[in-house]
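First the structure, in the form of structure tokens, and then the observations on it.
What follows is calculated from the coordinates using simple rules that are stated; it is not laboratory data. Since the structure is predicted, the reported quantities are computational estimates derived from the model, not experimental observations. Reconstructed Cβ throughout: ideal geometry from the backbone, glycine too, with neighbour counts over all protein chains shown.
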Amino acid sequence: MRTPLGAVLSRDLALARGGGAGLGVMFFLLVVTLTPFAIGPDLALLARIGPAILWLGALLASLLGLDRLLQADHEDGSLDLMHLAPAPLELQVAAKILAHWLATGLPLVLAAPLFGVMLDVGPEVSVRVALALLVGTPALACLGAVGAALTVGLRRGGLLVPVLILPLAVPVLIFGVAACDAARGGWAPLSVLAGLALGYAVLGPVAAAGALRLLRD
Amino acid sequence: MALLSSITALANPARFSAFATRVLPWLAAATAAMLALGLYLGLVVAPADYQQGETVRIMFLHVPSAWLGMMGYTIMAVASLGVLIWRHPLADVAAKAAAPLGAAFTFLALATGSLWGKPMWGTYWVWDARLTSFLILFLMYLGLMALRSAIEEPSRAAKACAVLTLVGSVNIPIIKFSVDWWNTLHQPASVTRMGKPAMDPTILWPLLANALAFTLLFVVLHLAAMRTELIRRRLRTLRITAAASAAFAPEPAE
């Protein structure tokens with residue numbers, strides 16, 4: 001027999017397979033492509049700021065699907081079923097975040113070293129960027145879920161989520177980019193990033209489920 | 001005990017409105033007097049700094065504004081607890097009224113800071129840790145106000161803003177810490193910072209007077225904004241009742 005959490009996870013993954021999962025990676029590629037047009041084709045400069053470009057691109061790309069994360073469930077009524085399901089809403093939201101990250105975040109992590117080659121950041125830094133994104137993008141997904149839950153049912157929710165979430169994402173960006181710098185000494189920034197991710201993994205589902213419960217009409 | 005019961009009595013919106021109406025003229029007069037005294041002490045009496053010259057007087061506006069910018073968010077966080085835990089009728093009114101005030105004082109702190117930065121640092125803006133944290137605080141105020149204006153129904157807006165305020169208040173120490181860390185990494189002591197010298201009494205007293213005056217100003221504006229918000233909500237209820245009774249006149253009320 002399937003558990004409610006497994007059902008939420010497999011349903012969201014099946015829906016993500018239906019289409020739109022590659023769109024985030026394409027957007028990421030477009031950000032990486034546009035930056036040299038703005039800065040100039042100087043490879044030495046691009047290599048120096050490469051990790052920052054990759055992080056900004058991934059940060060912006062991870063915002064893309066957030067407006068549909070809970071809004072679609074609100075529209076077709078499955079959010080009401082989740083309220084009634086025999087499992088805590090927090091864990092169901094966590095399952096949704098996990099499915100969202102697997103569908104949109106993980107492709108960004110896998111694509112980052114590839115795009116790193118285009119910016120000439122070198123193999124070691126590329127691996128570090130991918131590692132930092134692997135740790136950091138779940139934190140961004142958890143923060144994003146809070147924004148998505150707060151804007152459920154709003155007509156202008158799509159633009160509002162980034163405005164609410166991006167100031168809160170500053171610590172993830174700071175430590176994410178710092179973790180990519182090999183010269184900066186060891187794994188300390190990556191550890192802090194992992195700590196942030198664990199903290200947001202608690203805060204995100206709890207706050208999002210709380211908002212969903214309070215705003216249920 | 002009598003004091004406590006007289007404070008809890010103000011939880012009633014109508015009683016609070018009456019109280020605010022009675023108190024506001026006195027508080028406004030006190031604010032005007034205190035502001036005049038503070039500005040006189042700061043702009044005329046206090047000596048110019050031997051190093052910074054007359055520009056040090058910007059501090060008398062800058063520091064109180066920064067304090068109140070942070071106090072505004074603290075008030076909102078406490079009020080949000082009141083919204084979510086006690087469902088207090090006035091808590092959301094207080095939170096809503098504090099947001100634009102806090103944003104305004106944060107902006108004032110940023111603006112006076114950058115005007116002060118031009119003669120001191122040679123540029124209007126440096127990515128100093130304090131400036132950057134304040135900029136993020138300002139952006140969070142704007143986000144809260146945007147969320148509030150996007151939700152039409154006041155009770156839903158109250159809950160959503162309360163959740164966001166609390167998530168933000170959990171994040172503020174993390175943001176502050178990471179921005180400090182980021183700044184020390186990128187900017188090794190190039191900015192001449194006003195360390196913490198023992199402040200001379202000739203500067204300290206005008207600063208405290210101004211801090212008191214600005215806090216009074218905040219309280220007056222907050223009380224007035226809360227009273228206005230209560231009237232606005234009452235007006236909204238009256239309009240809805242009037243529209244409902246006009247549209248469904250033959251039907252009995254629910």
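Structure data summary
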{"read-out": "Rounded tilt (10° steps) of B:129-150 against the dominant C-alpha axis of chain B", "value": "20"}
{"read-out": "Rg to Rh, two decimals, where chain A supplies the alpha carbon set and Rh follows Kirkwood", "value": "1.00"}
{"read-out": "Mean Kyte hydropathy of -0.5 or more with a Cα span along the axis of at least 24 Å, helices from DSSP in chain A", "value": "A:21-39, A:43-61, A:123-150, A:188-214"}
{"read-out": "Cα principal axis extents for chain B, largest first, Å", "value": "78, 42, 37"}
{"read-out": "Filtered chymotrypsin sites (Phe, Trp or Tyr not before Pro), region A:81-190: DSSP coil and at most 15 other beta carbons within 10 Å", "value": "A:W187"}
{"read-out": "Total lysine pairs whose alpha carbons fall under 25 Å of each other in the protein assembly as shown (8 or more apart, or interchain)", "value": "6"}
{"read-out": "Protection-proxy order for peptides B:76-82, B:174-180, each taking the mean of Cβ atoms within 10 Å per residue, highest first", "value": "B:76-82, B:174-180"}
{"read-out": "GNM result for chain A, Cα springs below 10 Å: residue of A:V135, A:V163, A:V109 fluctuating most strongly", "value": "A:V163"}
{"read-out": "Computed [θ] at 222 nm, helices only, for chain B once each DSSP H run of length n ≥ 4 contributes -39500 (n - 2.57)", "value": "-27000 deg cm²/dmol"}
{"read-out": "Helix axis angle, B:91-121 relative to chain B longest principal axis, alpha carbon, degrees", "value": "20"}
{"read-out": "Other-chain or far-sequence residues with amide H under 5 Å of B:D49's (modelled H)", "value": "B:V56"}
{"read-out": "Restricting region A:1-54 to trypsin sites (Lys or Arg not before Pro) in coil, as DSSP defines it, with at most 13 other Cβ within 10 Å", "value": "A:R2"}
{"read-out": "Residue order, fewest to most beta carbons within 10 Å, for A:T151, B:T74, A:T35", "value": "B:T74, A:T35, A:T151"}
{"read-out": "Hydrodynamic radius by Kirkwood, which averages 1/r over all alpha carbon pairs of region A:94-202, in angstrom", "value": "14.7"}
{"read-out": "Simple Cβ-charge dipole of the protein assembly as shown, Lys/Arg +1 and Asp/Glu -1, about Cα centre, in debye nearest 20", "value": "840"}
{"read-out": "D_trans [Stokes-Einstein, Kirkwood Rh over alpha-carbon pairs] for the protein assembly as shown, 20 °C, 1.002 mPa s, µm² s⁻¹", "value": "85"}
{"read-out": "Angle between chain B longest axis and helix B:154-186 axis [Cα atoms, degrees, rounded to 10]", "value": "10"}
